[in-house]
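Below: one structure, written as structure tokens.
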Amino acid sequence: MKVMNKILSLSRPKKRIISCLCDAIFIGVAYFLSFFVRLDNVDAIYSVEIWKGLIPLIFVTIFAFSQLGLYRAILRYLTFQALLVVSLGALISMLSFYGLRFYIDDLVPRTVPVIFATFLALLAGGSRLIMRNYIANRNIAKSERQNTIIYGAGTTGRQLCFTLRNSKEYRPMAFVDRDDTLLNTNIMGLRVFHSENISSAIKKYNISKVLLALPSASRSERKEVLQHLEPLSVEVQTVPDVEDILSGKAKIDELRDVPIEDLLGRDPVEPDTELLTANIFNKVVMVTGAGGSIGSELCRQIIKQKPAKLLLFEVSEYSLYSIEKELVETVKKEGLSVEVYPLLGSVQRENRLQAVMEAFQVQTLYHAAAYKHVPMVEFNVIEGVRNNVFGTLYTAQAAIASGVETFVLISTDKAVRPTNVMGTTKRMAELALQALAEQRTSTRFCMVRFGNVLGSSGSVIPLFKRQIKEGGPVTVTDKDIIRYFMTIPEAAQLVIQAGAMGKGGDVFVLDMGEPVKIAELAGKLINLSGLEVKDDNNPNGDIEIQYTGLRPGEKLYEELLIGDNVAKTRHQRIMTADEIYLPWCQLEPLLQRLDTACHEFQHDVVRELLLEAPTGFVPTDGICDIVWNVKASNVTVLNKAVS
């Protein structure tokens with residue numbers, strides 16, 4: 001062992017010399033074995049003529065191996081292609097042997113060179129495979145490697161298996177596949193189990209992790225697989241998407257947690273190219289809230305459609321810097337001729353908005369700037385109203401004054417029969433745009449509603465994953481709470497397509513698919529992390545789900561529509577709703593009173609006005625504004641002191 005480690009620690013040139021010496025020995029052994037097997041005696045080795053033939057054969061063979069690149073191959077990463085090189089070198093050596101036999105002895109049987117080549121290939125190739133396996137495993141203690149099953153015995157699965165065999169973390173023990181023709185076969189020395197028998201394979205090999213090698217499977221197919229794996233409480237990870245592997249963005253062994261969208265099983269619909277480009281291609285496009293979750297993804301999707309200019313309007317300096325840097329790199333990498341402009345500013349400053357729109361002659365505007373976190377807006381009512389209602393109003397009025405062609409508001413499902421201030425302010429923003437659209441301005445207004453997006457700044461998914469990583473508990477507000485979910489890229493694509501269909505004052509609603517129970521989603525994430533939910537039925541589980549109660553203004557479920565007057569559009573996942581609204585002559589006085597109440601910090605008046613507006617606001621809590629309640633408590637204390 002010490003000698004072997006010393007050899008392996010030598011420099012690469014010295015290792016090549018040792019390889020040549022070993023091959024010279026293998027050539028000699030194969031040479032004399034071929035005579036012994038064919039002639040069935042050892043007298044041949046005493047022939048001077050035969051010894052004379054060995055020397056040139058050694059030089060010819062090693063030269064052939066060298067020219068074929070065999071000595072440049074690193075044993076640790078040796079592939080089966082190296083065996084082909086050895087076989088080709090042995091073939092060249094055999095042909096050389098045929099030439100030498102006329103100088104050695106015409107009586108040498110013609111089959112001897114063939115036997116020689118066979119022995120040489122076995123010795124030179126087999127020794128290298130043995131060394132490769134030794135090097136791969138010499139520093140890896142069995143206890144340090146996790147026994148894993150590879151789900152998917154296709155090309156990706158086989159490549160993953162080969163990579164993992166050189167890994168210090170994972171030891172592939174078996175394949176699992178749904179293909180009946182592979183049942184009980186062996187691939188790369190591993191047995192292939194049918195997916196229905198995966199539980200028995202997990203128990204047999206003491207599996208701690210299942211690796212999904214299904215990069216080209218649809219989300220609905222992966223959801224079906226995950227539903228089958230979830231009850232097994234084994235950790236599940238996946239290889240990157242096939243597009244990322246092929247483009248070089250990711251390597252096959254860069255294992256990742258299972259994307260939450262796979263649990264939802266929602267396959268995206270191919271976008272309508274005409275709708276994607278209608279309001280963007282070769283136009284000046286502006287995105288407010290460009291650094292947010294939705295705003296930044298809108299920018300990524302917009303830049304693919306090749307606008308002439310893209311204006312990033314954002315109040316957060318760091319968020320603006322981040323998205324601008326990313327987009328500039330994308331422009332360079334993709335060779336696009338898009339001008340990207342980072343613009344700091346607040347949507348509450350109408351003069352700044354109008355100056356920007358007029359300077360760049362903006363044609364299409366996506367208004368994503370808003371405060372969207374329900375409890376935060378409940379605790380900061382005035383700022384929520386200022387940003388969501390008046391920020392939208394000022395942006396819309398600046399757009400009208402600047403001659404913007406299309407204005408698309410990013411709305412929310414929480415605007416439907418709202419129970420919180422955030423949802424009510426978004427519905428008020430919709431009312432403002434509907435009223436402005438009725439005035440037949442040159443700007444075409446439309447609104448797009450959708451539910452929660454995966455990976456947004458307010459999403460529960462990152463919170464759940466962090467809590468699981470820390471050992472729990474996982475906190476859910478209520479065991480019956482449900483939400484609609486959609487991926488950010490799909491939401492952004494649908495917003496762009498919906499905006500292209502707007503005629504003026506349209507309220508579009510995205511098909512969010514089936515609602516998801518948050519408690520069940522938390523349980524699935526726990527199980528797919530290789531852990532068990534701890535509850536009354538399983539007191540020995542790993543992580544408990546704790547129910548903390550609904551937060552201020554929070555609903556058990558969200559709705560996407562008001563009323564039942566819903567119509568289809570040319571896109572299967574975009575609908576339009578016919579909503580009630582106030583004409584501008586009635587809405588304007590209400591907005592003026594709301595503006596005054598905000599300026600005077602009259603939270604009780606703000607609450608009354610939000611209830612008065614046709615928003616369907618039914619609050620579940622009193623006024624939760626932090627400053628308002630602190631001032632109220634101070635007044636109460638003062639009154640008690642006076643009395």
For this session: Please work out which residue is farthest from residue 568 (Cα to Cα), limiting yourself to region 470-487 and to residues that are touching a helix residue (DSSP H, G or I) at 6+ places or on another chain (Cβ under 6 Å) and in a loop (DSSP other than H, G, I, E, B).
Result: 479
Exercise. When residues of region 292-315 are filtered for being in contact with a Phe, Trp or Tyr (Cβ under 8 Å, 6 or more places away or on another chain) and over 13 Å from residue 366 (Cβ atoms), how many remain?
Worked result: 2
For this session: Go through region 297-309 residue by residue and tally those that are crowded, with 24+ Cβ neighbours inside 10 Å and closer than 18 Å to residue 399 by Cα.
Result: 0
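Between 329, 358, which is modelled with pLDDT of 95 or more, surrounded by fewer than 23 Cβ atoms within 10 Å (Cβ to Cβ) and of a type in the set (Asp, Glu)?
Values: 329 fails: modelled with pLDDT of 95 or more.
Among 329, 358, only 358 is modelled with pLDDT of 95 or more, surrounded by fewer than 23 Cβ atoms within 10 Å (Cβ to Cβ) and of a type in the set (Asp, Glu).
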Seminar exercise, completed: For region 361-380 the number of residues that are surrounded by fewer than 16 Cβ atoms within 10 Å (Cβ to Cβ) and farther than 28 Å from residue 620 by Cβ is 1
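Taking residue 483, is it farther than 30 Å from residue 358 by Cα and not hydrophobic (A, V, I, L, M, F, W, C)?
Working: farther than 30 Å from residue 358 by Cα: yes; not hydrophobic (A, V, I, L, M, F, W, C): yes.
The answer is yes for residue 483.
The rows are residues; the columns are (1) farther than 17 Å from residue 501 by Cα; (2) buried (at least 24 other Cβ atoms within 10 Å of the Cβ).
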| position | (1), (2) |
| --- | --- |
| 410 | no, yes |
| 419 | yes, no |
| 427 | yes, yes |
| 442 | no, no |
| 445 | no, yes |
| 454 | yes, no |
| 460 | yes, no |
| 463 | yes, no |
| 467 | yes, no |
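Across region 488-516, which residue is surrounded by the fewest Cβ atoms within 10 Å (Cβ to Cβ) among those that are in a strand (DSSP E or B) and in contact with a Lys or Arg (Cβ under 8 Å, 6 or more places away or on another chain)?
Kept after step one, since they are in a strand (DSSP E or B), are these residues of region 488-516: 506-510, 516.
Then drop every residue that is not in contact with a Lys or Arg (Cβ under 8 Å, 6 or more places away or on another chain), which leaves 507-510, 516.
Working: 507: 24, 508: 25, 509: 25, 510: 23, 516: 20.
In this case the residue turns out to be 516.
Residue-by-condition table, conditions (1) surrounded by 15 or more Cβ atoms within 10 Å (Cβ to Cβ); (2) modelled with pLDDT under 95:
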{"residue": "279", "(1), (2)": "yes, yes"}
{"residue": "287", "(1), (2)": "yes, no"}
{"residue": "313", "(1), (2)": "yes, no"}
{"residue": "317", "(1), (2)": "no, no"}
{"residue": "343", "(1), (2)": "yes, no"}
For this session: May I ask you to list the residues in region 394-417 that are over 20 Å from residue 610 (Cα atoms) and of a type in the set (S, T, N, Q)?
Result: 395, 397, 402, 406
For this session: Tell me, please, whether a residue that is touching a Leu at 6+ places or on another chain (Cβ under 7 Å) and in a helix (DSSP H, G or I) can be found in region 271-285.
Result: no
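For the structure I just gave you, tell me whether residue 294 is among the hydrophobic types (A, V, I, L, M, F, W, C), surrounded by fewer than 23 Cβ atoms within 10 Å (Cβ to Cβ) and in a helix (DSSP H, G or I). Talk me through it step by step, then tell me what you get.
Details: among the hydrophobic types (A, V, I, L, M, F, W, C): yes; surrounded by fewer than 23 Cβ atoms within 10 Å (Cβ to Cβ): no; in a helix (DSSP H, G or I): yes.
Considered against the rule, which asks whether it is among the hydrophobic types (A, V, I, L, M, F, W, C), surrounded by fewer than 23 Cβ atoms within 10 Å (Cβ to Cβ) and in a helix (DSSP H, G or I), residue 294 comes out as no.
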Exercise. Among the residues of region 552-568, is any in contact (Cβ under 8 Å) with a residue 24 or more places away in the chain, of a type in the set (Gly, Ala, Ser) and either in contact with a helix residue (DSSP H, G or I) (Cβ under 7 Å, 6 or more places away or on another chain) or surrounded by fewer than 17 Cβ atoms within 10 Å (Cβ to Cβ) (or both)?
Worked result: yes
Problem set entry | Residue ID - surrounded by the most Cβ atoms within 10 Å (Cβ to Cβ), chosen from residues in region 166-210 that are polar (S, T, N, Q) and assigned to a helix (DSSP H, G or I) | 195
For this session: Being of a type in the set (D, E, K, R) and at pLDDT below 80 is the filter; apply it to region 231-243 and report the residue that is surrounded by the most Cβ atoms within 10 Å (Cβ to Cβ).
Result: 241
Problem set entry | Meets criteria (at pLDDT 95 or above, surrounded by 24 or more Cβ atoms within 10 Å (Cβ to Cβ) and more than 34 Å from the chain's Cα centre (by Cα)) for residue 353 | yes
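The values are calculated or read from the model by the stated rules, or taken from the named source; none is laboratory data. Note that the coordinates shown come from a computational prediction; the quantities given were computed from them, not determined experimentally. Note: ideal-geometry Cβ built from the backbone for every residue, glycine included; neighbour counts use all protein chains shown.
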